[in-house]
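Below is one structure, written out as structure tokens, with a few remarks after it.
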Amino acid sequence: MGVNGPTPHPFWGNAREFAKDHFAMMQKLRDTYGDVSGFYIGAMPAMVIADQELLKLVLVKQFVSFPDRIEFRVRGLDEKFDLPPGLLVSKGENWKNSRQAISPTFTGGKLKQMVPIIQTFMPTPHKNLHLDPPEFQMALKWWLGLDTSQNGSSCSFCPSHALDPLGHHALTCKSGGDSIFRHNSLGDTFWESCKLACIAGQIEAGSGLDVEGSRTRPADILLPNWEFGKPAALDFTITSALNPSTLNEASVMAGFAASAAEVRKHVANDEKCSRLGWVCIPLSVETYGCWGEEAGRCLDRLATRIATRTGCPKSSAVSGLYGRLSIGLVRANARALLARSSSLS
């Protein structure tokens, strides 16, 4: 072929390894042979290109010479959603039509408009705004409704509970410390955002024994002069829309599980907050990322304070705040799923 690559079998080439895991094989080829490598599917040669200049040549400058791509399907995804081939693997007229439709999206002016959005949401390791490859792969499976555990497998931390393919038990399990990690991750992100807005506050307030004998801690974060001149006791809670108690309503009403969690927090904390002269504000979010109404108002107010303090547009403050919280939530969810699904191939 003229490029480096693994030795092919005389009859099927490297097809077996390619069929087993397309992406793992291509990553292995890049790690082993560099940015340009090749392999065989039967007698058909195929090249794997990871060099940016060569990709630009193939996909942009000389794309007319490369109208067809090798066709492969993502096992599990295509069968579940009946996905058509994408632009990079389309052929003939289908590829030509897709190319003509999508090209106007990538003009210089439109790409320039995308830069602020990309800078806000792109993976940024030094800011801890990224997912490791295993976390991303597991999060993607979960979001697409693919199996996150093997049928009949049990939870690693509470063997009496069977894992479900949609990950409900893994994301609500109280054993193993993952629910605490997720709760603290969201709280820490919110607290850092408060400091960015120069808002003073107190962490984990109200846990002392009161006159009624309660040791509840109504405030993960206590913010002074937040609501009607009173301190606000912000209490994070993460719930699942797949909880049997709310499943029927949540299936037809977006955010129902988060709203139900807000009600539960008010029942648990309102009385003690009232005695302390605080206002209880539950910050509830569903595992899929839908925030409750009270949380939405609180986050909007915090974003306004951040924008005022930093001078950035409020829209950027809102998207940045939700983006940081979302990354923390997805990472913690993926961590919980991975900890209980190590045997899933």
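The values are calculated or read from the model by the stated rules, or taken from the named source; none is laboratory data. Owing to the predicted nature of the structure, the values given are computational and were not obtained by experimental measurement. Reconstructed Cβ throughout: ideal geometry from the backbone, glycine too, with neighbour counts over all protein chains shown. Calculation scope for accessible area: heavy atoms of the full protein, side chains included, ligands and nucleic acids excluded. Shrake-Rupley method; radii C 1.70, N 1.55, O 1.52, S 1.80 Å.
Quick check on this structure: which one of 45, 6, 10 is closer than 24 Å to residue 92 by Cβ and either surrounded by 15 or more Cβ atoms within 10 Å (Cβ to Cβ) or more than 35 Å from the chain's Cα centre (by Cα) (or both)?
Numbers: 6 fails: closer than 24 Å to residue 92 by Cβ; 10 fails: closer than 24 Å to residue 92 by Cβ.
Answer to the check: 45.
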- [ ] Check whether at least one residue in the stretch 59-72 is open to solvent by less than 100 Å² (accessible area, probe 1.4 Å), at pLDDT below 80, in a helix (DSSP H, G or I) and among the hydroxyl-bearing types (Ser, Thr, Tyr), and report yes or no.
- [x] yes
Open item on the list: I need the full set of residues from the stretch 230-279 which are among the hydrophobic types (A, V, I, L, M, F, W, C), open to solvent by 30 Å² or more (accessible area, probe 1.4 Å) and in a strand (DSSP E or B), in order please.
Closed with: 238, 279
Open item on the list: Against the condition farther than 17 Å from residue 143 by Cα and without any contact (Cβ under 8 Å) to a residue 40 or more places away in the chain, how does residue 279 come out, does it pass?
Closed with: no
- [ ] Please specify each residue of the stretch 280-310 satisfying the condition of being part of a helix (DSSP H, G or I), touching a Leu at 6+ places or on another chain (Cβ under 8 Å) and of a type outside the set (Lys, Arg).
- [x] 294, 295, 298, 299, 302, 303, 306, 310
TODO: May I ask you to list the residues in the stretch 242-279 that are over 29 Å from residue 145 (Cα atoms) and touching a Pro at 6+ places or on another chain (Cβ under 6 Å)?
DONE: 265, 269, 272, 273, 278
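Pick from 197, 170: which is modelled with pLDDT of 85 or more, open to solvent by less than 90 Å² (accessible area, probe 1.4 Å) and closer than 30 Å to residue 232 by Cβ? Spell out the reasoning first.
Values: 170 fails: closer than 30 Å to residue 232 by Cβ.
From the options 197, 170, the qualifying one is 197.
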Open item on the list: For the stretch 208-224, give me each residue that is loosely packed, with under 15 Cβ neighbours inside 10 Å and at pLDDT 85 or above.
Closed with: 224
TODO: Please enumerate the residues belonging to the stretch 23-32 that are modelled with pLDDT of 85 or more and open to solvent by 80 Å² or more (accessible area, probe 1.4 Å).
DONE: 27, 28, 30, 31, 32
Task: Members of the stretch 1-58 found to be among the acidic types (Asp, Glu), touching a strand residue (DSSP E or B) at 6+ places or on another chain (Cβ under 9 Å) and assigned to a helix (DSSP H, G or I), listed by number - done: 17
Open item on the list: What's the number of the only condition in (1) at pLDDT 75 or above; (2) closer than 21 Å to residue 244 by Cβ; (3) open to solvent by 90 Å² or more (accessible area, probe 1.4 Å) that residue 151 fails to meet?
Closed with: (1)
Open item on the list: Under 7 Å between Cβ atoms, which residue pairs at least 6 apart in sequence (or on different chains) link something in the stretch 245-259 that is under 17 Å from residue 285 (Cβ atoms) and aromatic (Phe, Trp, Tyr) with a partner that is part of a helix (DSSP H, G or I) and open to solvent by 50 Å² or more (accessible area, probe 1.4 Å)?
Closed with: 256/249
